[in-house]
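Asker: The following block contains the structure, expressed as C-alpha cells.
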Amino acid sequence: MQKFFLLLAVAAPLCSCFTPSRVEPSIKVYTFNNMGRTYVSSRTVFIPVPLPFKYEFGGAWDIRFSAFSLEQEFSSFFVQKGNKTIAIRGARKDYFAKDSTFTKPFDVSDEEFVMYYLDWDMDYWKEQVDKNADAITGHELNYTAGKATYNSEKKYGTISRALPYSKTCTLASVQKNDYIYMITGSTSIDDNDDMCEVIVDIWEDRAEF
C-alpha cells in the first residue's frame, strides 16, 4: 500500500548513537551550550529516497518536510532562513509522465532531459505569473526570465528568473538509475546573494549515507 507522509518536522535523538532512517526522512541536530543555554549549531537532513542523500544546514535554517513516499521513490522538503526559501525534490524521471504538458521522451541524454525540464518549469512559472498578475492587478508584471545553462562536467543545469520583488534559481540534475533532483531557491530582490550559487553549493555539498 502506497503512502504519502506529510511531515512538519522530524527531530532525531541527540546522541552519538544516531543512525539515519532508511524508510523515512530524519534529522541529526548538533548543539552547543553557552551560559547555561542550548543552541543549535547545525542540522544534517537525511533523505533515503530516491537516493540516500544527506544535506548540511546551519542552525539558523528551519527545516520542513512536505511529502515523502518510499514506494513511489519521491521526496520533497524545504528550508527557510530570513527571506530565503529553498525547496529540494527528488523523483524518478517518469514521475512527470502523469503531466500531459511534459512531452519530452524519457530515453534522451541526461543533459537534454535536464534542459527540457528547466525550460518546461520556466514556461509554467511564466504562465502562473501572467495568470496571477491579471487576476490581482489587472495588468502584466515585469519579470526577467533567464536561459537554461548546463554544466557538463558536474552534470547539472540551472535557470534563473526575477520579479520586481523576488529572484529565483532552479537547479536540476539526473542521477544514476534515472532519478532527477530539483532544487529551487528564492529570496527577496534586494538580497545580495546569488541564489544559483547558494543552491549549487547545497547540491555539491550533499553526500550519500
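Asker: I'm trying to understand the selection: among the residues of the stretch 145-173, which are in contact with a Lys or Arg (Cβ under 7 Å, 6 or more places away or on another chain), farther than 14 Å from SER186 by Cα and among the hydroxyl-bearing types (Ser, Thr, Tyr)?
Answerer: SER173
Asker: Could you please give the count of residues in the stretch 14-47 that are open to solvent by 70 Å² or more (accessible area, probe 1.4 Å), under 26 Å from the mean Cα position of the chain (by Cα) and of a type in the set (Val, Ile, Thr)?
Answerer: 2
To keep it simple, each residue is scored yes or no on (1) modelled with pLDDT of 95 or more; (2) not aromatic (Phe, Trp, Tyr).
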{"position": "PHE96", "(1), (2)": "yes, no"}
{"position": "THR103", "(1), (2)": "yes, yes"}
{"position": "PHE106", "(1), (2)": "yes, no"}
{"position": "MET115", "(1), (2)": "yes, yes"}
{"position": "ASP121", "(1), (2)": "yes, yes"}
{"position": "LYS126", "(1), (2)": "no, yes"}
{"position": "ASN132", "(1), (2)": "no, yes"}
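Asker: Within the stretch 70-98, take every residue that is in contact with a helix residue (DSSP H, G or I) (Cβ under 9 Å, 6 or more places away or on another chain) and outside any strand (DSSP E or B) and give me the one that is surrounded by the fewest Cβ atoms within 10 Å (Cβ to Cβ).
Answerer: Checked the stretch 70-98; the qualifying residue surrounded by the fewest Cβ atoms within 10 Å (Cβ to Cβ) is ASP94.
Asker: Between SER41, SER69, SER75, which is of a type in the set (Gly, Ala, Ser) and within 19 Å of LYS176 (Cβ to Cβ)? Reasoning before the result, please.
Answerer: Working: SER41 fails: within 19 Å of LYS176 (Cβ to Cβ); SER69 fails: within 19 Å of LYS176 (Cβ to Cβ).
Exactly one residue qualifies, and that residue is SER75.
Asker: Within the stretch 169-194, which residues are without any contact (Cβ under 8 Å) to a residue 40 or more places away in the chain and either assigned to a helix (DSSP H, G or I) or crowded, with 21+ Cβ neighbours inside 10 Å (or both)?
Answerer: Of the stretch 169-194, the ones without any contact (Cβ under 8 Å) to a residue 40 or more places away in the chain are 169, 171, 189-190, 192, 194.
Scanning the stretch 169-194 gives CYS169, LEU171.
The values are calculated or read from the model by the stated rules, or taken from the named source; none is laboratory data. If you're wondering where the values come from, they're calculated on a predicted model, not measured in any experiment. A quick note on method: Cβ atoms are made from the backbone with ideal geometry, for glycine too, and the neighbour counts reach across all protein chains shown. Surface accessibility is based on the protein's heavy atoms, side chains included, excluding ligands, DNA and RNA. Shrake-Rupley method; radii C 1.70, N 1.55, O 1.52, S 1.80 Å.
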